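The structure appears right after this line, and notes come after that.
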Amino acid sequence: MEQEQQNLESFLTWAAQLGISDSTTHTDQPQHSPSSCLGSSLCVAHFPHSGGRGLGAVRDLRRGEIVLSVPKSALMTRENAMEDKKLCFAVNRHSCLSPAQILIVCLLYEMCKGKTSRWHPYLMHLPHTYDILAMFDEFEKRALQVDEAVWVTEKAILKAKSEWKEAHALMEDLMFRPQFLTFKAWVWAAATISSRTLHVPWDEAGCLCPVGDLFNYDAPGEESSDIEDLEHLLSNSSIHDTNLLNGDKNIVVDAEQLDSHSQRLTDGGFEENVNAYYFYARAHYKKGDQVLLCYGTYTNLELLEHYGFLLQENPNDKVFIPLDPAVYFSTSWSMESLYIHHNGKPSFALLAALRLWATPQNKRKSVGHLVYSGSQLSTDNEIFITKWLSKTCATVLKNLPTSIDEDTLLLNAMDSSQDFFTFMEITKLMSSKDEIYTFLETHNMRDAHSFTEVILSRKARMSMDRWKLAVQWRLKYKKVLFDCISYCNEIIDSFIK
């Protein structure tokens, strides 16, 4: 722990030397030490229930004010990495690779340099492992249970392996040491790029942003907004000629008039006029609060795929259920719009599609305008689709290997166990232990006579962390289906009464 703190202090000192700073023009705020880039607005802190390590406010912060600036020269991009002539020459001979693949190679190339890399303090500060779906093994993938999630995971793994093979010749040309040529090294670097890069206007691969990538995620649409906030933000921004886009649905703006700066104004973006990446407070924060950054709108499965975590409460989560093919043909709504919201309520498009589907084909044209306006067609139609939706959700739940209660018990065992023996004792209460036994077999522990002395290997601990993420995801999926059944029952009861 002491070494970790020393590494952090060394990293923040290095960042300050590059011009990274959380200082503002305020005079009544604490001033950070010259040996650290933080202390005026932010500090590194631990938030055990909301992302772990992140950035906290050292003073009250007002929504819209700048809390961190990172000069362009401090960003790790393909552009500045390829100032290395050897790297530049080799990359130019492999033009078939994507921008993201090239940035991954640049990252591994800098890792190969060790202490001679200009980025060494930053590289040593990066996580040693990630939990994105491309890193899931067979057991962890199957633990997701839902076909859609298993398929997304398989696709992510295949994509990572394919891109690694495509880039292998370039890495050999650069004479990477053997450990940096492995798929394990590649998927680590790919996870770093996937989970930590920020958008820049000149490179679709994005950039790695020292200190700026310490912000934890906040889902869009959660913050409040009012006219005072809007006027304050515009008057104190370096951008005065654009509209503001945020999660507040009460503010109507013309999307065609928005540029890339205004879209990210309350979170962060590269400011051309100051040649730096600016981060803004996306809400009012009190001293000690965690300061968050919105990376975009994601479902929990997408967060797992790209970032390796999920949210306990995600207003943008979606659940897709199997639909009769005729449902898709009966409407112009896209398949992606036919889902159940995180609170169990069917989407507008799903309700509209089901209402049309349940209408005789020769009458659909005459009622289409009602359906697309969100109107119910008849009591019988509404009861029919609501019962169908409830039955479909119940069938999906029934066909999954474990129940909500079993998943809840398993998660409680994972959360409350201080050692593996305690975990095994708690899971004895589960009616089915197949998943437990599969985990034991995967890590050659099935034949252990007693778990009192078992100490999980590092590999097994990491696998258990990903297993926990899979259980968390599938439990949320099942709870959405359960809530949808409850919602449908309430609708049906309201018609009967």
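The values are calculated or read from the model by the stated rules, or taken from the named source; none is laboratory data. Bear in mind the structure is a predicted one, so any value in this text is a computation, not a measurement. FYI the Cβ positions are ideal-geometry reconstructions off the backbone, even for glycines, and counts take in every protein chain you see. To get the accessible areas, we keep the full protein, side chains included, count just its heavy atoms, and leave off ligands, DNA and RNA. Shrake-Rupley method; radii C 1.70, N 1.55, O 1.52, S 1.80 Å.
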Residues satisfying the stated conditions in the stretch 65-88, i.e. over 13 Å from Y109 (Cβ atoms), open to solvent by less than 30 Å² (accessible area, probe 1.4 Å) and of a type in the set (A, V, I, L, M): V67, L68, V70, A74, L75
Select from the stretch 451-475 the residues that are open to solvent by 60 Å² or more (accessible area, probe 1.4 Å), among the polar types (S, T, N, Q) and either out of contact with any Phe, Trp or Tyr (no Cβ under 7 Å at 6 or more places or on another chain) or modelled with pLDDT of 65 or more (or both) and list them in ascending order. S457
Failed condition for K155, given (1) touching a helix residue (DSSP H, G or I) at 6+ places or on another chain (Cβ under 8 Å); (2) modelled with pLDDT of 95 or more; (3) open to solvent by 10 Å² or more (accessible area, probe 1.4 Å): (1)
Out of all the residues in the stretch 165-211, which are aromatic (F, W, Y) and part of a helix (DSSP H, G or I)? F180, F183, W186, W188
Restricting attention to the stretch 96-139, and to residues there that are closer than 18 Å to E79 by Cα and part of a loop (DSSP other than H, G, I, E, B), which single residue is nearest to the chain's Cα centre (by Cα)? S98
Given (1) closer than 23 Å to I485 by Cα; (2) outside any loop (DSSP other than H, G, I, E, B); (3) out of contact with any Leu (no Cβ under 7 Å at 6 or more places or on another chain); (4) modelled with pLDDT under 95, S375 misses just (2)
Tell me which of these S390 doesn't satisfy, since it passes every other one: (1) modelled with pLDDT of 85 or more; (2) closer than 23 Å to L481 by Cβ; (3) surrounded by fewer than 16 Cβ atoms within 10 Å (Cβ to Cβ). (3)
All but one of (1) part of a loop (DSSP other than H, G, I, E, B); (2) of a type in the set (A, V, I, L, M, F, W, C); (3) crowded, with 17+ Cβ neighbours inside 10 Å hold for V274, so report the exception by its number. (3)
I'm trying to understand the selection: among the residues of the stretch 281-292, which are in a strand (DSSP E or B) and open to solvent by 10 Å² or more (accessible area, probe 1.4 Å)? Y285, Q290, L292
Considering only the stretch 97-114, state which residues are hydroxyl-bearing (S, T, Y) and over 13 Å from G206 (Cα atoms). Y109
Could you go through the stretch 427-447 and let me know if any residue there is out of contact with any Asp or Glu (no Cβ under 6 Å at 6 or more places or on another chain), modelled with pLDDT under 80 and buried (at least 18 other Cβ atoms within 10 Å of the Cβ). yes
Looking at L108, is it aliphatic (A, V, I, L, M) and open to solvent by 20 Å² or more (accessible area, probe 1.4 Å)? no
Can you report the number of residues in the stretch 328-343 which are surrounded by 16 or more Cβ atoms within 10 Å (Cβ to Cβ) and closer than 16 Å to C484 by Cβ? 5
Which residues, taken from the stretch 293-310, are of a type outside the set (D, E) and open to solvent by 30 Å² or more (accessible area, probe 1.4 Å)? Y295, T297, Y298, H306, Y307, F309
Give the residues of the stretch 111-145 that are surrounded by fewer than 18 Cβ atoms within 10 Å (Cβ to Cβ), of a type in the set (V, I, T) and closer than 30 Å to R474 by Cβ, sorted by residue number. T129
Of residues in the stretch 42-64 being of a type in the set (G, A, S) and under 19 Å from the mean Cα position of the chain (by Cα), the one surrounded by the most Cβ atoms within 10 Å (Cβ to Cβ): G54
For the stretch 390-448, name all the residues that are assigned to a loop (DSSP other than H, G, I, E, B) and acidic (D, E). D419, D447
What single numbered condition from (1) under 14 Å from W333 (Cα atoms); (2) open to solvent by 50 Å² or more (accessible area, probe 1.4 Å) fails to hold for Q361? (1)
Which residue is nearest to A281 (Cα to Cα), if the candidates are limited to the stretch 19-41 and must be open to solvent by less than 30 Å² (accessible area, probe 1.4 Å) and at pLDDT 90 or above? S41
Going by the structure shown, is P346 open to solvent by less than 60 Å² (accessible area, probe 1.4 Å) and touching a Gly at 6+ places or on another chain (Cβ under 6 Å)? no
Report every pair of residues separated by at least 6 positions or lying on different chains whose Cβ atoms are under 7 Å apart, first residue within the stretch 369-382 and surrounded by fewer than 16 Cβ atoms within 10 Å (Cβ to Cβ), second acidic (D, E). Q376/E382
